[in-house]
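Down below is the structure, laid out as structure tokens.
The values are calculated or read from the model by the stated rules, or taken from the named source; none is laboratory data. All figures in this text were calculated on a predicted structure; none of them were measured in a lab. Using ideal geometry, Cβ is built from the backbone for each residue, glycine included, and neighbour counts are taken over all protein chains shown. Note: areas computed on protein heavy atoms with side chains; ligands, DNA, RNA excluded. Shrake-Rupley method; radii C 1.70, N 1.55, O 1.52, S 1.80 Å.
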Amino acid sequence: MEVQSLAEFAGIRKIKLFLALSRTPHGLLDMASPALGALLALGSFPPGRVILLGLLTAFAGYTAVYALNDLVDYRSDIEKLGRMRKAPGGCRDVDAVFMRHPMAQGLISVPQAVAWTSGWAMVAALGAYSLRPVCAAVFLAACCLEAVYCAMLKVSYLRTLVSGLVKTSGALAAVLAVDPEPEPFFVAHLFTWLFLWEIGGQNVPNDWSDLQEDESLRARTLPVELGPKKAAWVVMLSLCLSTLLGVWLYWSTPWKLSPVFPLGAMGAGWFLLVRPSARLFKERSLEAAGRLFNRASYYPLAILASMLGAMIY
């Protein structure tokens with residue numbers, strides 16, 4: 001019995017390492033974006049088959065893309081871990097709930113990571129193709145863009161724009177899954193809203209949290225290249241605009257939503273984006289950047305909850 005318990009413990013620990021590789025807690029939060037995109041575009045609930053297949057595809061897609069990030073960044077992560085650790089006073093983020101970079105720490109082999117990533121990528125590609133072939137094309141494009149994003153670490157801080165493209169791809173694929181000819185204005189609105197949220201609430205704060213490590217690596221991230229003052233302006237402006245566009249979704253969907261939605265969207269934007277970005281603007285600290293990243297990670301989920309609440313009340 002003791003041997004069996006040890007084996008079960010080792011198995012659970014191994015699973016946690018793979019979940020850490022894919023940053024699964026963050027991936028689960030990100031799944032709110034495609035769910036919201038599909039609901040906003042369709043104006044009604046999709047058929048049960050589409051919902052189930054869409055959830056599986058979204059989970060597989062985020063699992064594969066986050067793991068791909070660690071695969072492409074493998075050598076950079078080893079160098080970063082070898083030079084220095086997170087500075088004291090930093091804030092533990094949702095990407096590191098289980099562990100940060102298990103492959104770079106030697107806890108998962110490269111072949112194992114490749115097999116894990118490839119397996120989930122195949123599930124995502126097949127699921128996306130089953131929903132609509134163009135969705136599979138969007139997923140493959142997102143994978144390519146993620147690789148480009150990682151390769152640009154020491155090339156240009158404009159890599160943050162590539163990150164925005166990757167993060168919006170899930171919601172855009174979901175829209176195309178339920179509507180082959182969506183309204184261009186709605187697509188542009190949804191894209192811009194998520195793009196600004198990713199830049200101001202995810203990418204720049206996350207790079208800010210890694211500022212000292214990136215400086216030692218001579219990485220060309222936005223906080224490193226532009227400095228804290230300009231980076232703070234980018235964050236603040238991006239998230240204020242994203243908050244306004246989030247409220248504006250109320251007028252972009254065929255749904256006849258109650259006023260609960262704009263009120264909920266404004267509250268979510270204020271507490272999860274604007275307030276923590278204002279604190280970062282004032283303090284310009286690693287802790288404030290980490291807190292903003294964590295809170296902003298819940299923003300799409302809060303908007304989805306606001307929409308569901310507006311459909312009920």
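Couple of notes before you dig in:
- Computed [θ] at 222 nm, deg cm²/dmol, the chain (DSSP H ≥ 4; -39,500 (n - 2.57); rounded to nearest 500): -24500 deg cm²/dmol
- Legend: Rg and Dmax of the chain, from Cα coordinates, 19.4, 62 Å.
- Percent accessible area from carbon and sulfur atoms, the chain, protein chains only, probe 1.4 Å: 68
- Computed log₁₀ I(q)/I(0) - Debye formula, equal Cα scatterers, no solvent, region 204-313, q 0.11, 0.13, 0.16, 0.21 Å⁻¹: -0.40, -0.53, -0.70, -0.98
- Sparse-neighbour loop sites [GluC sites (Glu not before Pro); region 150-234; at most 10 other C-beta within 10 Å; DSSP]: none
- Rg(Cα) / (2.2 N^0.38 Å) computed for region 149-230, rounded to two decimals: 1.29
- Over region 98-239, all Cα pairs binned in 5 Å intervals from 0 give whole-percent P(r) values of 2, 9, 15, 17, 18, 17, 12, 8, 3, 0, listed from short to long.
- Entry for region 193-266 at q = 0.25 Å⁻¹: log10 I(q)/I(0) = -1.03, Debye formula applied to identical alpha-carbon scatterers, no solvent contribution.
- The distance between label points at residue 44 and residue 28 comes to 3.2 nm (points 7 Å beyond Cα on the Cα→Cβ vector).
- Computed from the alpha carbon atoms alone, the convex hull of region 10-54 holds 77 Å³ per residue.
- About the centre of its Cα atoms, the chain shows a dipole size close to 540 debye [charges on the beta carbon of Lys, Arg (+1) and Asp, Glu (-1) only; nearest 20 debye].
- Span-like helix ranges in the chain, DSSP H, alpha carbon extent 27 angstrom or more, Kyte mean at least 0.5: 2-21, 48-72, 110-131, 133-151, 159-178, 222-248
- Computed from label points 7 Å out along Cα-Cβ, the spacing between residue 118 and residue 237 is 4.5 nm.
- Every Cα-Cα pair in region 268-313 was counted, and those over 17 Å apart are 38% of them.
- Computed accessible area, residue 49, all protein chains, 1.4 angstrom probe, square angstrom: 140
- Region 99-173, Rg to Rh (Cα coordinates; Rh as Kirkwood inverse mean 1/r): 1.03
- Across region 199-216, coupling constants 3J(HN,Hα) worked out from phi with the 6.51/-1.76/1.60 Karplus curve, θ = phi - 60°, read 5, x, x, 10, 5, 5, x, 5, 5, 5, 4, 9, 4, 5, 4, 5, 5, 5 Hz, and Gly and Pro carry x.
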